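Participant: Here you go, one structure.
Throughout, read-outs are computed from the coordinates displayed, never taken from laboratory work. Everything numeric in this text was worked out from a predicted model, so none of it was measured. Methodologically, a virtual Cβ is constructed for each residue, glycine included, from the backbone with ideal geometry; neighbour enumeration extends over all protein chains shown.
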Amino acid sequence: MIFIMENMNSPQKENAEDLKGLYDLAIPLSMPVTVIREIVENFELDLIRRPGKMEMTGEVMDREILVLRGDLETVKAAEKYMFEALDKKLAAWSGHGKEEKYKKYYEEQAAARMKDLKENPEAAKSWDLTATQ
């Protein structure tokens, strides 16, 4: 869950008057960097780090978190954009197009290796079996 909060405590101990009217949008862990970059480029927000407490493994840990800082209207627009962009990324990643592409690539590679093996049984000794992607 994303919290929009008025920022009155900053790690740099900024003056409370300097922060009046500014809000922080916490960026969830594992948000794709491409989405964060799009937000920074498309919205007039500052990307900053600030301390936060997180519970990840059953215990609360102090961690540095990324937040986008700006006026409330811009922060709310960025939050909406962030989740819409994330939904688009997830849809693209789970689409069948990639599955078919890699299946076709795998089948082509397997056929080429079988042909090579039939023509030259010793060829298997020189195959590079390290992952390529």
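Participant: Shape verdict for region 41-93, please, from the Cα gyration tensor: rounded (a/c under 1.5), prolate (a/b greater than b/c) or oblate.
Facilitator: Values: a/c = 2.70, a/b = 1.28, b/c = 2.11.
Because a/c hits 1.5 or more and a/b fails to exceed b/c, region 41-93 counts as oblate.
Participant: On average over all directions, what projected area in square nanometres does region 69-111 have, based on the convex hull of its Cα atoms?
Facilitator: Values: hull surface 15.5 nm².
Reported value for the Cα convex hull: 3.9 nm².
Participant: For the residue pair residue 115 and residue 62, what label-to-label distance in nm results when each label sits 7 Å from Cα along the Cα-to-beta-carbon direction?
Facilitator: Once both label points are built, they end up 6.2 nm from each other.
Participant: For region 15-124: lysine pairs with Cα atoms under 18 Å, gap of 8 or more or different chains, count? Numbers along the way, then the final one.
Facilitator: On the way: 20/76; 80/88; 80/89; 88/98; 89/98; 89/101; 104/115.
So the count works out to 7.
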